[in-house]
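Encoded as structure tokens, the structure appears first; notes follow it.
Values in this text are rule-based calculations from the coordinates and carry no lab data. Every value quoted in this text rests on a predicted model; they were computed, and no experiment measured them. Methodologically, a virtual Cβ is constructed for each residue, glycine included, from the backbone with ideal geometry; neighbour enumeration extends over all protein chains shown.
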Amino acid sequence: MSHVFKSPASYVQGRGVADAIGTHVDSLGSECVLLADKVVLDLVGDRVLDSLEAAGLGARSLEFNGEASESEIERIAAAVDEHGADVVIGAGGGKALDTAKAVRKETGGAMVSMPTVASTDAPTSALSVIYSEAGEFQSYWFYERHPDLVLVDTAIIADAPARFFRSGIADGLATWFEADATRRSAGENVVGGTPTRAGHRLAELCYETLREHAITAVDGVEQGAVTESVSAVTEANTLLSGLGFESGGLAAAHSIHNGLTQLDATHHATHGEKVNVGTLTQLVLEGRDDAFIEDYAEFSLALSLPVTLSDIGLDDPTTAQLETVANAACDPEETIHNEPFEVTSPMVRDALKTADRVGQRVRARHA
């Protein structure tokens, strides 16, 4: 199998860049549709539409209903076709951006990612995570094309709730562990090849950046401030994690996240919060030493990230519930099989139990 690395065509990050989106989009098409939910439209809709119109582009908005489901993708795609748009701009969190990517696949033209939270690595990727209308993970949709532009306004990121920023940190921290597992197993990355050295190194740089800057960056975001650490972590959460997971590969942490979505009790937890439980479980599954696992749990607590199942809504889960999670995580199509050893459902169930106990013990030391 060939080594493969892929990425978006352009990445722009900085304070106030939302007001200049028209200058970055004008080479991509002439008729733009901004896709975002009501909250995001109220937040940035006028600024984006004004900038597009100032650049001589047609511009209108469509309201996203909040779930990246097949029915929502079909609805939005029909509206984009009706408007004759050749640029779809997804603004908001990962589900809005994933929906915009799916719509572009259906309608053609260009696609722009404009995250308003640094909560996932969705903005740079050529895939969508598809959910049911009830919010249960269903599948990944993969595309030949990446976003044509990723535009990240750090002032908007810093004004968003800090919980989303923390969630992005959790998602980014998993990138290194999963990419490293994929490299050790000579597994397949997300873009259809074996990991390149670049993909592997970017995943490691993501982890290093977060360990060095995340705590101070959260302090900044809690004050609505844009600092060098906020900028560094925004780049790690968005660009480094996105390139690292796609070209580096996914492994157990995200499979366990997908398993956790099968339980209604976890639906209030963000993507990254569930991923963090998945990361701790992956470290147990891989047999990392006690000090390493506890250090990760300590760092998670310093960032107010979940370290136990109860933190994501699973108080005293039954064996049947854990087996539901483990069975889904071990689906033959899941990335958990990029671990450098055979993984079975009982192994995942037991790792979940053990990681939960580690988290309880570390949290008790902070009580």
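Distant-in-sequence amide contacts of M111, defined by a placed amide H-H separation under 5 Å and a gap of 5 or more residues or a different chain, comprise V88, D148, L149. Peptides 330-343, 160-173 ranked from most to least packed, by the mean per-residue count of other Cβ atoms within 10 Å: 160-173, 330-343. Taking a ≥ b ≥ c as the square roots of the eigenvalues of the Cα gyration tensor, the stretch 77-160 is classed as oblate, since a/c reaches at least 1.5 and a/b does not exceed b/c.
Distance from the Cα centre of the stretch 99-133 to that of the stretch 321-367, in angstrom? That distance is 28 Å.
Straight-line reach from K95: taking Cα to Cα under 28 Å and skipping same-chain neighbours fewer than 8 places apart, the lysines in range are K6, K38, K105, K274.
For the peptides 36-42, 119-125, the ranking by packing is 119-125, 36-42, with the highest mean count of neighbouring Cβ atoms within 10 Å listed first. Entry note, the chain: the mean residue ellipticity at 222 nm calculated from DSSP H runs of n ≥ 4, each adding -39500 (n - 2.57), is -16000 deg cm²/dmol after division by the residues and rounding to the nearest 500.
Once the Cα atoms are used to define both axes, helix 70-83 deviates from the longest principal axis of the chain by about 10 degrees.
Let's test the formula: R0 of 35 Å, r as the Cβ-Cβ distance of S27 and E74. What FRET efficiency results, to the nearest 0.05? Efficiency at R0 = 35 Å is approximately 0.75.
If r is the Cβ-Cβ distance from E82 to E333 and R0 is 35 Å, what FRET efficiency results, to the nearest 0.05? For R0 = 35 Å, the calculated efficiency reads 0.50. Each of L41, G14, G135 was placed along the dipole of the stretch 11-159 (beta-carbon charges, centred on the mean Cα), and the one lying farthest toward the positive end is G14. With the Cα gyration tensor of the stretch 215-261 giving a ≥ b ≥ c as the square roots of its eigenvalues, does the rule (a/c under 1.5 for rounded; else a/b larger than b/c for prolate; else oblate) give rounded, prolate or oblate? Oblate.
For the stretch 162-366, what does the alpha-carbon gyration tensor say about shape, rounded, prolate or oblate, given a ≥ b ≥ c as the root eigenvalues, a/c under 1.5 as rounded, and a/b over b/c as prolate? It comes out oblate by the Cα gyration axes. Extents of the chain, taken as max minus min of Cα coordinates on every principal axis and listed largest first, are 59, 41, 39 Å. State the Cα centre-to-centre distance between the stretch 52-72 and the stretch 227-297 in whole Å. One Cα centre to the other: 30 Å.
For the stretch 1-83, the equivalent ellipsoid derived from the alpha-carbon gyration tensor has semi-axes of 22, 21, 14 Å in decreasing order. GNM on the chain, alpha-carbon springs under 10 angstrom: the most fluctuating residue among G259, G66, G242 is G66.
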